[in-house]
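Read-outs: derived from the displayed coordinates by stated rules, not from any lab. Because the structure is a prediction, the values reported are computed rather than measured. Note that we place each Cβ from the backbone using ideal geometry, even for glycine, and neighbour counts take in every protein chain shown.
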Amino acid sequence: MKLHWFRHAVGNVGDDLNPWLWPRLLPGLLDNDDSQLFVGIGTLLNQRLPQADEYWVFGSGFGYGTPPVLNDRWHFFCVRGPRTAQALGLDSSLAITDPAYLLREFEPAADGSGQRIAFMPHIDTDLAGDWQQVCQLAGVDYLSPSLSPDALMPKLRDCKLLLTEAMHGAIIADALRVPWQPLRCAPDFASDKWQDWLESMALTGEASPDFPAIDPVWLGASRLPRRRQQREAIKRGLKAVGVWSKNWTPPLPKASSHRDYKRSASALQAAAKRYSGQLSDDAILADRMAQLNAALERFRQAIAQRKS
């Protein structure tokens, strides 16, 4: 059975939890047999899944593209949240929560002594602008979403608050019991997948967090090869005079000025002062962990029956 997960070119900690977590939980099971796909952490349940004879789904979510066409080749043990279950027409009992919480089986929670405030942008936001500079101006620590799980978790345990645009930044922080606060930076912020997870942990209604906006910053085309810079300039000029097709890839935004960086830093600094962060309820977390482990045992039994 092959582990299916999204491999980002520069690494993305939420996705990279897959090869970190599943071999620990399922030793000896995962290999390169792509006729059987194990689909775990991530927003993976859509039409872009590779062809396989069978799909074994443990905690993945829907949120991009169109739902896959389900048949008897699909085996669901849990999904990320109620919105995923509804989109795929699954029984609501399968909507447990994100399986990234299973990292608690191997990693200790924070002891509450952390003093740092950190910010983690979404991976696409991080690549589009210099968020390390924004954090430096704001006086908060910068946590790259490209950090490996082993590199990130000790840094998180040293924090008293994580400001994060990356959903799995919030989930990992919640699992480690480090208070977190979501922020929106990208114009195309994917709120629906956040709500899928938040609803799974009963973080709705009065418990639902605010999503304050921070203006994005852009590197523009300055770091691209010269030919690509010229192409971007031509595209921007064509769009400015109305010669444009909706099928064309839009030009990159212009590089942000120092004033833009200061404005975003001020907003980030204000969020650091305003919010103390939140955590899911301890009893709900304990319940979801029990459900995830029960689903994991059902999965192990199903595989054992196949082998017998």
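A few remarks follow.
- In terms of the mean number of neighbouring beta-carbon atoms within 10 Å, the peptides 186-197, 165-176 order highest first as 165-176, 186-197.
- Cα-centred dipole magnitude for region 109-280, charges only on beta-carbon of K, R (+1) and D, E (-1), debye, nearest 20: 1100
- Distance cut-off 33 Å, percentage of C-alpha pairs in the chain lying past it: 30
- Mean sequence separation of contacting Cα pairs (under 8 Å, at least six apart), scaled by the length of the chain, corresponds to a relative contact order of 16 percent.
- A simple spin-label model places the labels of R226 and V10 2.4 nm from each other, with each point 7 Å out along Cα-to-Cβ.
- On a per residue basis, the convex hull of the C-alpha atoms belonging to region 222-308 measures out at 264 Å³.
- Across region 2-10, computed HN-Hα scalar couplings (Karplus, 6.51 cos²θ - 1.76 cosθ + 1.60, θ = phi - 60°) run 9, 6, 9, 7, 7, 9, 7, 4, 10 Hz from first to last residue, x flagging Gly and Pro.
- Under 5 Å between amide hydrogens, built in the peptide plane, is the criterion, and for T97 it picks out V79 among residues at least 5 positions away or on other chains.
- Phi angles of region 155-164 translate, via the Karplus equation with coefficients 6.51, -1.76, 1.60 and θ = phi - 60°, into HN-Hα couplings of 5, 5, 4, 8, 9, 9, 7, 10, 8, 8 Hz per residue; Gly and Pro are given as x.
- Once the Cα atoms are used to define both axes, helix 282-307 deviates from the longest principal axis of the chain by about 60 degrees.
- Bridge type composition, the chain - antiparallel percent by DSSP, nearest 5: 5
- Exceedance of the 27 Å cut-off in Cα-Cα distance is limited, within the set K2/K160; K2/K307; K155/K262; K160/K193; K193/K239; K193/K254, to K2/K160; K193/K239; K193/K254.
- Phi angles of region 242-259 translate, via the Karplus equation with coefficients 6.51, -1.76, 1.60 and θ = phi - 60°, into HN-Hα couplings of x, 8, 7, 10, 5, 7, 7, 5, x, x, 5, x, 5, 4, 5, 7, 4, 5 Hz per residue; Gly and Pro are given as x.
- For the chain, built as a Gaussian network whose Cα springs stay under 10 Å, the top-fluctuating residue of D126, D72, D150: D72
- When both region 100-163 and region 240-308 are represented by their alpha-carbon centers, they are found 12 Å apart.
- Since only H8, P99, G129 are under comparison, the one whose Cα sits farthest along the positive direction of the charge dipole of the chain, derived from C-beta charges on Lys, Arg, Asp and Glu, is G129.
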